[in-house]
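The values are calculated or read from the model by the stated rules, or taken from the named source; none is laboratory data. This structure is a prediction, so every number in the text was calculated from the model and none was measured. All Cβ positions, even for glycine, are placed from backbone atoms using ideal geometry, and neighbour counts span all protein chains on display. Ligands, DNA and RNA are excluded from the accessible area calculation, which covers all protein heavy atoms including side chains. Shrake-Rupley method; radii C 1.70, N 1.55, O 1.52, S 1.80 Å.
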Amino acid sequence: MSALRRKFGDDYQVVTTSSSGSGLQPQGPGQGPQQQLVPKKKRQRFVDKNGRCNVQHGNLGSETSRYLSDLFTTLVDLKWRWNLFIFILTYTVAWLFMASMWWVIAYTRGDLNKAHVGNYTPCVANVYNFPSAFLFFIETEATIGYGYRYITDKCPEGIILFLFQSILGSIVDAFLIGCMFIKMSQPKKRAETLMFSEHAVISMRDGKLTLMFRVGNLRNSHMVSAQIRCKLLKSRQTPEGEFLPLDQLELDVGFSTGADQLFLVSPLTICHVIDAKSPFYDLSQRSMQTEQFEVVVILEGIVETTGE
């Protein structure tokens, strides 16, 4: 834990780890120049290859209230199982509550005992127990209207409850259905068909030492206004003695020339020239194998089919 704090600071915590490749180790004496692949020790990743950030925020204060203040976004960001649970629970509680209100009105007016009296006009016709009150609410809320149960004009409190039920039902429908629609239409799954090369390489291209990796689109639909960016995450210490655990440095992948604007109809090779302005300029081949850093690639674009 102390090593994690030295690397990421007190306000960050790595919650998962993954291996990163393998290393070479020479054989013992007399075995010739053959080399054997041995796994490297696990390294903490700041961002997984599926795009999930392995960071937990701590010591924020009133974190729960901050999430509840933006309840709609919180629901959209929840996992599907929690969304479905909240969706079903909210409708179930609202239906039972409103059905109970109709039953209470019928009970206080005495409609339950006088439902079968011929000349008596109840608040809601043919409501004589809780199941019938629940069915009346469902028929009204879902606009089914079988016609067997209906509200009469002899019940002002029922008319007020009916107006409240209509307003509450519209609010619940707009909130929950809107949340589910936005969650289903999110373009996150579109990223599953955007493929990156498993490894990045450093090689000579056009007479310059270049860091290269490839990106491709599996779908026939295009990514409109696709733009790629690269960030180097590396801890460093300033000349004043300040330690920056997650310093972000920009890797130029063609911003000055417009090469970062991609026409992603076929796999493309993204290049970062290691020149005097590059953060890799002072690193040797051996130091790159031992340095603790991470390169995060961000591909932004608009999905052609949905416009998101």
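A few notes on this one:
- Restricting region 229-270 to residues that are over 22 Å from residue 210 (Cα atoms) and among the acidic types (Asp, Glu) leaves a set whose member that is least open to solvent (accessible area, probe 1.4 Å) is 247.
- Neighbours by Cβ (under 9 Å, 6+ apart or cross-chain): first from region 260-282, in contact (Cβ under 8 Å) with a residue 12 or more places away in the chain and part of a loop (DSSP other than H, G, I, E, B); second of a type in the set (Gly, Ala, Ser) and open to solvent by 40 Å² or more (accessible area, probe 1.4 Å): 267/197
- Enumeration of residues in region 194-241 that are outside any loop (DSSP other than H, G, I, E, B) and acidic (Asp, Glu): none
- Qualifying position, being at pLDDT 75 or above and at negative phi, among 100, 65: 100
- Test result for residue 284, more than 30 Å from residue 181 (Cβ to Cβ), modelled with pLDDT of 85 or more and open to solvent by less than 80 Å² (accessible area, probe 1.4 Å): no
- Here 122, 131 are screened, and the one residue that is touching a residue at least 24 places away in the same chain (Cβ under 8 Å) and more than 30 Å from residue 74 (Cα to Cα) is 122.
- Any chance residue 157 is open to solvent by less than 60 Å² (accessible area, probe 1.4 Å) and of a type in the set (Asp, Glu): no
- Any hit, region 52-61, residues being modelled with pLDDT of 80 or more, of a type in the set (Lys, Arg), under 27 Å from residue 191 (Cβ atoms) and in a loop (DSSP other than H, G, I, E, B): no
- Just so you know, in region 69-85 the residues that are in contact (Cβ under 8 Å) with a residue 12 or more places away in the chain and surrounded by fewer than 15 Cβ atoms within 10 Å (Cβ to Cβ) include one that is farthest from residue 141 (Cα to Cα), and it is 80.
- Leading residue by the ranking (farthest from the chain's Cα centre (by Cα)) among those in region 91-144 that are more than 23 Å from residue 177 (Cβ to Cβ) and among the charged types (D, E, K, R): 114
- Criterion: open to solvent by 30 Å² or more (accessible area, probe 1.4 Å) and in a helix (DSSP H, G or I) - qualifying residue of 144, 177: 177
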